[in-house]
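Everything below concerns the one structure shown next.
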Amino acid sequence: MAPDDRRTRRVVGIAGSLRSGSWNRRLLEAARELAPDGLRIEPFDIRGIPLYDADLDTDQRRPDAVRRLKSAIADADGVLIASPEYNHTVPGVMQNIIDWSSRPGMRSPWAGTPVGIMGAANGLVGTARMQQVLKLTLLSTLARVMPHPGVVVGRAPDKFDADGHLADPATRDFLAAYLRQFTDWIDTVGVPPAQS
């Protein structure tokens, strides 16, 4: 069935950093600004999510912030992640989000969900290594990770202006093109099974 171009695709945006001025929160804001018609990115604030504790991961005891996270993912047409890279891998904050939201395994809202990955960092290679690890982690949740090298914003302080806006023209163009491809990816793989 051909996608309905008039339909708005709702995407949950998750920044894998708790720092209010993080480059990845700024990158997510730039994505909201540059999103093509028909794609709406809604950031989810992860600051209220506690460290994963299996004793609390039951239907009776699951923290409200985790319930909201799982519902946001389940109700969305896709997820867009912007995360930093720590020690060549996925930050604990981002891994914690995946751990909470993907369990129990047979009820994971990630299953079938289209996912895009991007990241910004001070270093030259940006978040390239983290993105490769994150793809493997997300594939284990049965998420439908977009087959793309991803958006890697290296030397982030040179790409954003003093007000925190993505100012580098080439990076803005690349991000806009990526978001168009992500919209196509959502239409190609369809909405998550829970929404069918």
Exercise. Near Val151, within a Cβ-to-Cβ distance under 15 Å, what is the net charge of the other residues, with Lys and Arg +1 and Asp and Glu -1?
Worked result: +4
Problem set entry | Protection proxy ranking, peptides 58-66, 125-133, average beta carbon neighbours within 10 Å, highest first | 125-133, 58-66
For this session: Would you please state the base-10 log of I(q)/I(0) at q = 0.12 1/Å for segment 103-196, with intensities from the Debye formula using one equal scatterer on every alpha carbon?
Result: -0.46
Seminar exercise, completed: Burial-style ranking of 115-124, 46-55, 98-107, average other-beta-carbon count within 10 Å with highest first, yields 115-124, 98-107, 46-55
Seminar exercise, completed: Contour minus Cα-Cα span, Arg40 to Arg61, at 0.36 nm per residue, comes to 4.4 nm
Exercise. Ignoring any ligand, DNA or RNA, what whole percent of the accessible area of segment 20-140 comes from carbon and sulfur when the probe is 1.4 angstrom?
Worked result: 51 percent
Exercise. Solvent-accessible area per residue for the chain at a 1.4 Å probe radius, Å²?
Worked result: 49 Å²
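The values are calculated or read from the model by the stated rules, or taken from the named source; none is laboratory data. What you see is a predicted model; the values in this text were computed from it and never measured. All Cβ positions, glycine included, derive from the backbone under ideal geometry; neighbour counts span all protein chains shown. These area figures cover heavy atoms from the full protein model, side chains too; ligands, DNA and RNA do not enter into them. Shrake-Rupley method; radii C 1.70, N 1.55, O 1.52, S 1.80 Å.
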